[in-house]
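Derivation of every value follows stated rules applied to the coordinates shown; laboratory data play no part. Just so it is clear, the structure is predicted and the values come from calculations on it, not from any experiment. All Cβ positions, even for glycine, are placed from backbone atoms using ideal geometry, and neighbour counts span all protein chains on display.
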């Protein structure tokens, strides 16, 4: 190994260990903080949230955090196995030396990515099963049978193959054929692909997993339509999704892009909220569009992806990038799939440390959307809707402040409702 390789091995190892220790520290803080406040409902919520519901949320949060720590430790061990302990290198050598090489340079590379994905999926299965059928089941959220879970797994795998393999093949072809600026062409293809998925997801992909029926409640439909007209928002339709067949968690969302936008309500949401509360939740989502949060996120994604592809373009030509991660690059064949795979494994380790910045922006957007909803609907409806959703989803009312700053994309209930109350009072006067 060269000096550069040894340095990169050291940096990779240090970031891996530091990241894991940081995640363990944050999870431990969350567990201790939630457990310490389990015995009493915060004063601001004492009149609306029962002690039983509060304790259920605390127990659910702690159970998920402990399980997450186990999953993180396993993930770090697997990452070491794939990289410095030679897993990817052995897989690459086996496939590049097999008869697949007779089919051209692209086939062994696609086989490497497919084999990696398959093995990784198998390794993750015990955690997925435990999360669904132990933790979610224990707290009353899982509604899936094993048969439905298995059906979803098969469908998602097939969708991944049908959609994923062609785009990956095109990117690999560009890496090998488009010259030094291949990364710019690949970025353009990747962005176009993402925009296409935004258009196709509501009508082609999502219906493979859930049933979507037009909203039948005429009174609610009239309220929602009036709200959207008042806000200057147009959508293709209002739909109810059968989310209850998989989970008791409730939600509502917009999906699609441009003229293909749809409003989707979980059936569980409509059962739990009053018409006024549904209005308020929808107004919050409309607030994201009014403040152009979706466009801003897409632009951010474009910019970060461009930087990522440019970095990959440089790293893919550096021998130390491969050898520093325990992989011998092919001397005669293409290394494009290796570079792509190693890049996707390494980048999350480094980007983890800047995730609080993105979480902060996300929380800011949520506050802005709340303020918009209070201005467009009855703020008290939004308050009561959020309280119901926090309770029904067993979201803890007492998260650790440091954990929140690092991970939470939505503000905790105390901050969210605390900032909302002055707006509601000013609107009332």
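For the range 123-222, the equivalent ellipsoid built from the Cα gyration tensor has semi-axes of 35, 23, 11 Å, listed from largest to smallest.
Distance between the pseudo-spin-label points of residue 218 and residue 300 (7 Å out from Cα toward the beta carbon): 4.3 nm.
Between 0 and 90 degrees, the angle of helix 3-36 with respect to the longest Cα principal axis of the chain falls at about 20 degrees.
The length gained by stretching the chain between residue 170 and residue 149 to full extension, at 0.36 nm per residue less their Cα-Cα distance, is 4.4 nm. Ordering 175, 228 by the number of other Cβ atoms within 10 Å of each residue's own Cβ, fewest first, gives 228, 175. Out of all DSSP beta bridges with both ends in the range 204-270, state the antiparallel percent to the nearest 5. Taking every DSSP beta bridge with both residues in the range 204-270, the antiparallel ones total about 65 percent. Give me the number: length gained by fully extending residue 99 to residue 157, i.e. 0.36 nm times residue separation minus the C-alpha to C-alpha distance, one decimal in nm. That pair, residue 99 and residue 157, stretches by 18.4 nm at full extension. Shown is the FRET efficiency for residue 178 and residue 208, computed with R0 = 25 Å from the Cβ-Cβ distance and rounded to the nearest 0.05: 0.15. Here the gap between residue 360 and residue 76, fully extended at 0.36 nm per residue and compared with their Cα-Cα distance, gives a gain of 99.6 nm. Each of 395, 274, 99 was scored by other Cβ atoms within 10 Å of its Cβ. Arranged with the fewest first, they read 99, 274, 395. Among 320, 314, the ranking by other beta carbons within 10 Å of each residue's beta carbon, starting with the fewest, stands as 314, 320. Output the 0 to 90 degree angle, nearest 10, between the alpha-carbon long axis of helix 182-200 and the longest principal axis computed from the alpha carbons of the chain. Value to nearest ten degrees: 30. Bridge orientation summary for the range 188-322: considering DSSP beta bridges with both residues in this region, about 65 percent are antiparallel. The orientation-averaged shadow of the Cα convex hull for the chain, equal to a quarter of the hull surface, comes to 22.1 nm². For the chain, DSSP calls about 65 percent of its internal beta bridges antiparallel. Computed from the Cβ-Cβ distance with R0 of 30 Å, the FRET efficiency linking residue 134 to residue 253 stands at 0.65.
The GNM of the chain, with springs linking C-alpha atoms under 10 angstrom apart, assigns the highest mean-square fluctuation among 132, 323, 145 to 145. The range 342-372 and the range 166-222 have their alpha-carbon centroids 22 Å apart. In terms of its C-alpha gyration tensor, the range 244-350 comes out prolate, because a/c is 1.5 or above and the ratio a/b outweighs b/c. Taking the C-alpha atoms only, the angle from helix 165-177 to the longest principal axis of the chain is near 50 degrees. With Rh defined as the Kirkwood radius, the inverse of the mean 1/r over Cα pairs, the Rg/Rh of the range 298-340 is 1.10.
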